[in-house]
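Right, one structure below, let's go through it.
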Amino acid sequence: MTAAVLPLLEFTPPTIDYVRLLPFLIVIAAACLGVVVEAFVRRTWRHEVQVGLALVALVASGAAIVSGWGSDSLAVVDPIGPDQPVGSVMVDGPTQVFWLMLVLFALLAVCLMAERRVYAGRNAFAPMAAAIPGSQAEAEADQASLEHAEVFPLALFSLSGMMLFVAANDLLLLFVALEVLSLPLYVLAALARHRRLASQEAALKYFLLGAAASAIFLFGCALLFAYAGSFDFDLIALRYDQGAAADRLLWAGLGLVLVGLLFKIGAVPFHSWAPDTYQGAPTPVTAFMAVCTKIAAVAALLRLLFVALGAARWTWQPIIAGVAVVTMLVGPVLGIVQSNIKRLLAYSSIAHAGFLLTGLAGALTVQSGLAADQLGTVASAGFYLMAYGLATIGCFAAVTLVQSQGREVTELSAWAGLGRRHPWFGLVMLVCLLSLAGIPLTAGFTGKLAVFSVAWRGGYWWLVLVAVLAAVVAVYVYVRVLVLLFSRPASDQVEVKLPGPATAVVLTVTVIGSLAFGLVPGPLADLLAQSSTFLRSVHN
Amino acid sequence: MTFPWLTALAVLPLLGAVLIGLVKVWSGRLVGLITALVTLALGAGVAWLQAADGAAALAERVTWLAPLGAAYSLSLDGMGLAMVLLTVVLVPLILIAEWRTGTGSAGAAEAAEADGPGSGRGSARAFSALVLLVESCSLFVFLAEDAILFYVFFEASLIPMYFLIAGFGSDPVKRSAAAVKFLLFGLAGGLVMLFALVGTGALAAQGGSLTMSLTELADLDLGGSTLSQVVFIGFFVAFALKAPMVPGHTWLPQAAAQSTGGGAALMVGVLDKLGTFGMVRFCLVLFPQEARWATPVIIGLAVLSILYGAFAALGQKDLMRLVAFTSISHFGFMVLGLFTLTTASLTGSIFYMVNHGLSTGALFLLIGYMVRQRGSAEVSAFGGVAKVAPVLAGFTLLAGLGGLALPGTSSFVSEFMVMAGVWARFNVVAVLAALGTVLAALYILWTYQRLMTGPVTDQTAQHFTADLSARERLAVIPLLFAILALGFFPRPALDLIEPTSQTIMTEAGVTDLAPIVKGVN
């Protein structure tokens, strides 16, 4: 062919630091292996093998993160950068912190997915996902006690996408990671054993809106590329510093990219998928989605805003503050009128997205005048996500236990008096809901204190005022549930199943964690404060 | 490092509560009472240590949440010690007075039956544990030297108190509503305080050092800007909701009416003091400039509380609500004294906090007993009780006279000091506040007349077959003794408190007005 085209086809491989990427590689390898297991291992063993594989992979991944702690690395170096190396995957302090949180919460979510005892010996997922709901095939599959064990590789694939999402320093890679994390979630959301139509509806809504958000995100990437001539965060930052004139491209691109990320966070006005999806999806999947997706999206948003657009923070701070205001108000206000615990937790998750964004609006980093050992935006968001994640997974684990005739009962009216009838159950809900409400001596309080401090110190004191007013409303949402659990006459319609070992682990970890990070928040806060600096490959 | 006496003092009730929860073999109320008594002994020991070695020797400081400037830091000043002593004295007496609450005695079983199955009436075990939890949280607040530590326990105390109201009142529906109202007001006030707290941290960081230590914050110059005024308003609103001032008071009468006598004594006697205590710690010491700026409005609100509370008390049909409204009036006096900013009125106000805890605590315990006997809190349901139960009537009268600040009772000393201070600065206000004192005599004596004097009604004769038992007397006598003792010999208490008020005066940069003596100059 012609020689003129050849240079474009020339491929220079990127330099990859496999050791630093090991945590991510372990997860994605285990996911691939899980697909093979599903195809070749005998049906009777599949569930056990898949659970074991997922747990081992997650623990190994966590160990790999810990062993590489504290050393920053350009894990994947883009070959087509300028004279100095430009990283497109960064394994730095924030990456490692958020990786560890993702792996921890994925571990808890996998425990919930592996639970069979509370569902009379079967897991929470449809026996034959392809069967039409209510059809003969479905009934037969149910009678044959078939189980889906693909949920574990799917969850691992999604987790690998999240891990890449957190570390990606390149818009295109960010988009790939976004799709890798989203697609398995769409499938997982559709797999509920009971109320399958609702589950499929949830998945479809999530998919359609998610696909639209992805498309908008991609368009934003294209505009940012047009602005900077590169997908790399560092090069976008460099371009901004050099005073590129085409500002409109930058702001349009930023706005569209933000839509994609805020959709995943569940911020208003991109939240409308959350209640339906949370309600319809199988509860263990909801727990995974509610916690891990939010962690990944917030971490990615932090890196994008601080690394690529850190110098432009005066422009994006008001946008984030505005989104935070509507999110904080809409989430709790709509949460008050919910009669279904899973929908209520969905609105709670929206509200928490709003509180979290106040810290982002503050944009307090070393660059904007923060002392090195103090809590800035990144560290406070990390603490907040930790508290939110523990309490939320605990709540969803409790939701799986309240049943009637083998099905979860999520109608709040049926929950009356359960806390008094089953004190251990009451204690779990009390601790988790108080932590979500941000009452002192729980982790949730420290999280709120941290993000609000950051917001105020970043100059957004009025945002803190709005936030505490919204928090008053949010507190009412949780108090309403607590009153129902403790002060109303007990109903006999439902039973609280004794948790199997897996769920028991989740409940114990969430309760102890929520209390421990409330009573002794110092070590975690110190750790987060020390590993909150993003690695930049271009210093200017 | 020396033994952490202050931590031991505050943690002991918590341990007792945990013990009650874990060890089901032992009687919960016995463990509770023993814990409360040991705490009392420890409290006395701490007071002795402070007198012997000084406050500095007792102070503790451990790293806690350094990235936000917070530390686990406890210390004990005179005002703190006064409140600590009030708390450790009141709690065992409440447990003694409420010895039968939640037990399977005839009355309780009937009440549980009337509530319907599963209505969630608490057990004696739960009552003792919750009272101890409230005590522990309150002690931590009184001892806290760090703003965030203060806040943590200020808020945490709401949760056990919520369960105390929700689990042990009379009517199951009403007490649940009252408890929720209490909790929501408390949490709302708490979140407003969180706003102010975050602002304080930001102002301190702006001033150069990120610290939450109350003494270090007092040394920093936080005031003098619009933002510091916003922060001050945040603190004041939060504490005014706690030590209820009109118009943020509506939760208190309802919560008190639905509590047991002991629960109400704990809530009004100790927990609500966290509000006035916080006003001193935060509003006056950290933001003196703003306090002077806001004085006219605050004095106005205080006078409004005094008069509104007194008039509302006159109109009450329910005894528990009546005492709750008298408390709102008394909280008005305390706030008035605090923000008048003279040494006399400050000392008087802080002393008032103690006296109010004693007299109102005794009143609530006695009325709780009467309500249990009679099965109703309506004033009209009583009459001629003095003839049947003279000791009860005598004790109630004495506690009531303590409430209306009769000379010889401790409240007189404090109220007089407040009025003297107020007169020196704002004499018109003093006249209005004095009206509150007159009304106090009216509502106490008139209520006493309706309850105790007159012919013995049939219902009284039916329900009051016996006078106070030895146990019930034991619960009230120490309080009455303290009211009289501090009424005649207030000096030790005043000596304890005066250094604190002098510190506040120095912080605020205010000096007392020179007394005007005729003929001189």
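The values are calculated or read from the model by the stated rules, or taken from the named source; none is laboratory data. The structure presented is a predicted model; accordingly, all values stated were derived computationally and were not measured. Every residue, glycine as well, gets a Cβ built from its backbone with ideal geometry; the counts of neighbours run over all protein chains shown.
Of note:
- Criterion applied to A:G444, A:G513, A:G438 was being at positive phi, more than 7 Å from chain B (Cβ to nearest Cβ) and within 21 Å of the chain's Cα centre (by Cα), and the one residue passing it is A:G438.
- Residue in the stretch B:418-426 that is among the basic types (K, R) and under 30 Å from B:S469 (Cα atoms) present: no
- Residue list for the stretch A:517-540, filter: more than 13 Å from chain B (Cβ to nearest Cβ) and of a type in the set (A, V, I, L, M): A:L535, A:V538
- A:S487 being in contact with a Gly (Cβ under 9 Å, 6 or more places away or on another chain), more than 30 Å from B:G190 (Cα to Cα) and within 14 Å of chain B (Cβ to nearest Cβ): no
- Qualifying residue in the stretch A:174-190 (condition: over 27 Å from A:H47 (Cα atoms), small (G, A, S) and modelled with pLDDT of 90 or more): yes
- Verdict on B:R450 being in contact (Cβ under 8 Å) with a residue 40 or more places away in the chain and more than 25 Å from the chain's Cα centre (by Cα): yes
- Set side by side, the residues A:T508, A:T503 differ, and just one is in contact with an Asp or Glu (Cβ under 7 Å, 6 or more places away or on another chain), away from chain B (no Cβ under 13 Å) and either within 20 Å of A:W415 (Cα to Cα) or of a type in the set (S, T, Y) (or both), which is A:T503.
- Restricting attention to the stretch B:387-430, the residues being more than 16 Å from B:T342 (Cα to Cα), not in a loop (DSSP other than H, G, I, E, B) and not small (G, A, S) number 14.
- Residues of the stretch A:463-484 satisfying the condition of being at the interface with chain B (Cβ under 9 Å from one of its Cβ atoms) and closer than 14 Å to A:L345 by Cα: A:V475, A:Y476, A:V479, A:R480, A:L482
Residue-by-condition table, conditions (1) within 14 Å of another protein chain (Cβ to nearest Cβ); (2) surrounded by 12 or more Cβ atoms within 10 Å (Cβ to Cβ):
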position: B:G21; (1), (2): yes, yes
position: B:K24; (1), (2): yes, no
position: B:L30; (1), (2): no, yes
position: B:I34; (1), (2): no, yes
position: B:L37; (1), (2): no, yes
position: B:L42; (1), (2): no, yes
position: B:W48; (1), (2): no, no
position: B:A56; (1), (2): no, no
position: B:E60; (1), (2): no, yes
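- Residue count for the stretch A:447-462, restricted to those that are of a type in the set (G, A, S) and more than 7 Å from every other protein chain (Cβ to nearest Cβ): 4.
- Condition check for B:G454: over 22 Å from B:T87 (Cβ atoms), at pLDDT below 90 and either surrounded by fewer than 22 Cβ atoms within 10 Å (Cβ to Cβ) or small (G, A, S) (or both): yes
- Residues satisfying the stated conditions in the stretch A:510-540, i.e. crowded, with 19+ Cβ neighbours inside 10 Å, outside any loop (DSSP other than H, G, I, E, B) and touching a residue at least 24 places away in the same chain (Cβ under 8 Å): A:T510, A:V511, A:G513, A:S514, A:F517, A:G518, A:L524, A:A525, A:L528, A:A529
- Failed condition for A:V496, given (1) over 29 Å from A:N123 (Cα atoms); (2) modelled with pLDDT of 90 or more: (1)
- Scan of the stretch A:490-500 for residues that are surrounded by 18 or more Cβ atoms within 10 Å (Cβ to Cβ), within 14 Å of chain B (Cβ to nearest Cβ) and touching a strand residue (DSSP E or B) at 6+ places or on another chain (Cβ under 8 Å), ordered by number: A:V494
- Some residue of the stretch B:109-123 being modelled with pLDDT of 80 or more, out of contact with any helix residue (DSSP H, G or I) (no Cβ under 7 Å at 6 or more places or on another chain) and among the polar types (S, T, N, Q): yes
- Residue in the stretch A:334-352 that is surrounded by fewer than 22 Cβ atoms within 10 Å (Cβ to Cβ), in contact (Cβ under 8 Å) with a residue 60 or more places away in the chain and within 14 Å of chain B (Cβ to nearest Cβ) present: yes
- Neighbours by Cβ (under 7 Å, 6+ apart or cross-chain): first from the stretch A:226-238, closer than 14 Å to A:L172 by Cβ; second of a type in the set (D, E) and buried (at least 22 other Cβ atoms within 10 Å of the Cβ): A:F231/A:D170; A:D232/A:D78; A:D232/A:D170; A:F233/A:D170
- Residue that is nearest to the other protein chains (Cβ to nearest Cβ) [pool: residues in the stretch B:168-185 that are touching a Leu at 6+ places or on another chain (Cβ under 9 Å) and touching a residue at least 60 places away in the same chain (Cβ under 8 Å)]: B:A179
- Taking the criterion of being crowded, with 23+ Cβ neighbours inside 10 Å and within 14 Å of chain B (Cβ to nearest Cβ), the only residue of the stretch A:399-416 that qualifies is A:W415.
- Qualifying residue in the stretch B:297-318 (condition: among the charged types (D, E, K, R) and buried (at least 24 other Cβ atoms within 10 Å of the Cβ)): no
- Where A:D373 falls short, out of the listed (1) out of contact with any Leu (no Cβ under 6 Å at 6 or more places or on another chain); (2) assigned to a helix (DSSP H, G or I); (3) within 14 Å of another protein chain (Cβ to nearest Cβ): (2)
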